[in-house]
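To keep things clear, I will list the structure first and then write my remarks on it.
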Amino acid sequence: MLNGKNILLGLTGSIAVYKSIDLVRGMIKEGANVTVVMTEAASRFVTPLTFETVTGRSVHIDTFESPLSHINLPRDTELFIIAPATANTISKLASGIADNLLSNIYLAYKGPVLIAPAMNYRMYENPIIKENILRLEKTGVKFVGPEAGSLACGEEGVGRMSEAGDLLEAVRAAFTQGDLSGHNILVTAGPTREAIDPVRFISNRSSGKMGFAVAAAALKRGAKVTLVSGPSSEHPPQGASFVSVESASQMRDAVMQHIENSTAVIMAAAVADFSPVSKSETKIKKADSISIELQKTPDILQEVGGKKGSRILIGFAAETGKNTEKAKKKLKDKNLDLIVLNDVTQKGAGFDVDTNIVTIIGRGGEITDYPLMKKMDVANIIIDRMLQLKMR
Ligand code: CTP
């Protein structure tokens with residue numbers, strides 16, 4: 001897959017650098033030409049000789065080895081991957097500091113960049129680092145990892161560099177133009193919470209897993225993704241623009257704010273259908289019985305259907321029982337292109353599991369039943385079905 005590709009691998013000072021040896025081997029095995037540039041700190045963890053041996057090429061460290069190496073080295077480069085990337089290097093790149101050969105090259109290079117961070121979890125959680133990563137992402141830099149697990153310092157947390165196999169997959173993906181490239185996909189996910197008082201709310205059992213899987217699959221296939229989600233313990237996929245909301249009305253506002261540039265909208269959220277007419281400002285005291293008056297929440301899907309234009313609109317229908325007639329009516333009433341029906345009473349389908357059993361119904365009334373599948377596979381099928389429709 002990587003036959004003849006010129007890849008520049010940047011190494012910075014982290015113990016994770018040992019994993020990059022396998023990454024180099026993997027890339028070379030697939031036919032890539034790999035050149036390594038390392039920082040002084042990286043050379044403390046592993047000698048340049050190691051990488052000279054595995055690449056069969058000179059390893060570059062010194063900015064002054066030749067006055068123009070930072071311009072000449074990246075000239076034929078088709079992908080610059082920095083793995084491992086320390087907090088220090090990420091922050092330097094985010095602010096344009098060029099104080100070693102690697103950071104000079106980064107500034108002079110115009111092609112795709114892939115960064116695999118490696119650091120202690122507290123460093124990764126530092127708001128400055130988060131901001132710097134976001135800053136780089138906004139300029140088009142792609143990130144892979146870090147992963148959760150035990151760290152070199154003996155602590156547990158998110159900060160481990162991804163394994164060589166995952167890095168290799170990210171490298172391959174960087175060379176594959178996804179079938180959704182050029183598309184902006186807006187996805188809703190998770191439940192909503194409708195406040196009763198400062199401590200209580202009405203919600204549902206949705207985990208957000210289905211919507212997050214759709215967002216991750218669309219990103220992998222090259223789309224730009226905005227994920228609007230209610231409270232969920234899932235991690236937003238790397239590269240998605242993430243909007244966190246709580247209530248149905250906040251979700252409605254976020255969707256309307258982001259709909260303009262979207263080419264497709266996939267609404268997997270389990271939006272609460274009712275919310276309390278008024279929220280008590282103080283905690284409601286115990287009583288023998290109370291009544292809470294509920295009112296209908298905004299039907300976001302219906303509203304989007306009304307201003308659909310040429311974009312693709314896909315809704316979900318969570319039903320208790322396989323009610324295809326009701327789903328067909330929803331598809332028609334809400335002006336959808338596809339509706340994904342799942343019977344939440346079936347084992348392995350619906351809320352809080354990693355699998356789903358769905359039936360997809362098209363505008364022409366065509367019904368396709370799918371077997372039990374991982375939510376990620378369901379997500380890819382939804383995208384395949386979407387691509388079969390005409391996209392704007
Ligand atoms: N939906 C929405 N806004 C709401 C309620 C639902 O956008 N206030 C969307 C969901 O994201 C989903 C679809 O509508 O894509 C269907 O949700 P579902 O709860 O199954 O159906 P409802 O339209 O609420 O109808 P009913 O509960 O009567 O089946």
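In the stretch 115-132, what residues are of a type outside the set (S, T, Y) and surrounded by fewer than 21 Cβ atoms within 10 Å (Cβ to Cβ)?
N120, R122, M123, E125, N126, P127, I128, I129, K130, E131, N132
Would you mind finding the one in A195, A173, A189 that is under 30 Å from R25 (Cα atoms), of a type in the set (A, V, I, L, M, F, W, C) and surrounded by 15 or more Cβ atoms within 10 Å (Cβ to Cβ)?
Numbers: A195 fails: under 30 Å from R25 (Cα atoms); A189 fails: under 30 Å from R25 (Cα atoms).
When all the criteria are applied, what remains is A173.
Table: residues versus (1) near the ligand (Cβ under 10 Å from one of its atoms); (2) touching a residue at least 60 places away in the same chain (Cβ under 8 Å); (3) among the aromatic types (F, W, Y); (4) in a helix (DSSP H, G or I).
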position	(1), (2), (3), (4)
S262	no, yes, no, no
A272	yes, yes, no, no
K285	no, no, no, no
K328	no, no, no, yes
K332	no, no, no, yes
N335	no, no, no, no
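Report the residue count in the stretch 93-131 for those that are among the aromatic types (F, W, Y) and more than 13 Å from V158 (Cα to Cα).
First, pick out the residues of the stretch 93-131 that are among the aromatic types (F, W, Y): 106, 109, 121, 124.
Subsequent filtering for residues that are more than 13 Å from V158 (Cα to Cα) retains 106, 109.
Residues that pass the stated criteria total 2.
Run down T12, T35, T53 and say which single residue is at pLDDT 95 or above and surrounded by fewer than 15 Cβ atoms within 10 Å (Cβ to Cβ).
Values: T12 fails: surrounded by fewer than 15 Cβ atoms within 10 Å (Cβ to Cβ); T35 fails: surrounded by fewer than 15 Cβ atoms within 10 Å (Cβ to Cβ).
Going through T12, T35, T53 in turn, the sole match is T53.
Hey, A317 hits all of (1) of a type in the set (G, A, S); (2) part of a strand (DSSP E or B); (3) more than 12 Å from the ligand (Cβ to nearest atom) but one; which does it fall short on?
(3)
Pick out, from the stretch 10-80, the helices (runs of 4 or more DSSP H) lying fully within it that include 1 or more residues that are assigned by TED's automatic domain parsing to the domain that holds A98 and closer than 15 Å to L107 by Cα. Even if it seems obvious, please write down each step before you answer.
Values: elements: 19-29, 42-45, 48-55, 69-72.
By residue number, 69-72.
Any idea which residue in the stretch 92-104 is nearest to the chain's Cα centre (by Cα), counting only those that are surrounded by 19 or more Cβ atoms within 10 Å (Cβ to Cβ) and closer than 22 Å to E125 by Cα? Steps first, answer last, please.
We begin by selecting, within the stretch 92-104, every residue surrounded by 19 or more Cβ atoms within 10 Å (Cβ to Cβ); these are 92-94, 100-104.
Still in the running and closer than 22 Å to E125 by Cα: 92-94.
Working: K92: 24, L93: 22, A94: 20 Å.
Within the stretch 92-104, the match that is nearest to the chain's Cα centre (by Cα) is A94.
Out of everything in the stretch 287-308 that is within 16 Å of the ligand (Cβ to nearest atom) and β-branched (V, I, T), what residue ends up being surrounded by the most Cβ atoms within 10 Å (Cβ to Cβ)?
Looking only at the stretch 287-308, we keep the residues that are within 16 Å of the ligand (Cβ to nearest atom), and these are 294-308.
In the following step, the residues that additionally are β-branched (V, I, T) were identified as 297, 300, 304.
Working: T297: 19, I300: 26, V304: 24.
The qualifying residue surrounded by the most Cβ atoms within 10 Å (Cβ to Cβ) is I300.
The values are calculated or read from the model by the stated rules, or taken from the named source; none is laboratory data. These figures come from a predicted structure and were not determined experimentally. Every residue, glycine as well, gets a Cβ built from its backbone with ideal geometry; the counts of neighbours run over all protein chains shown.
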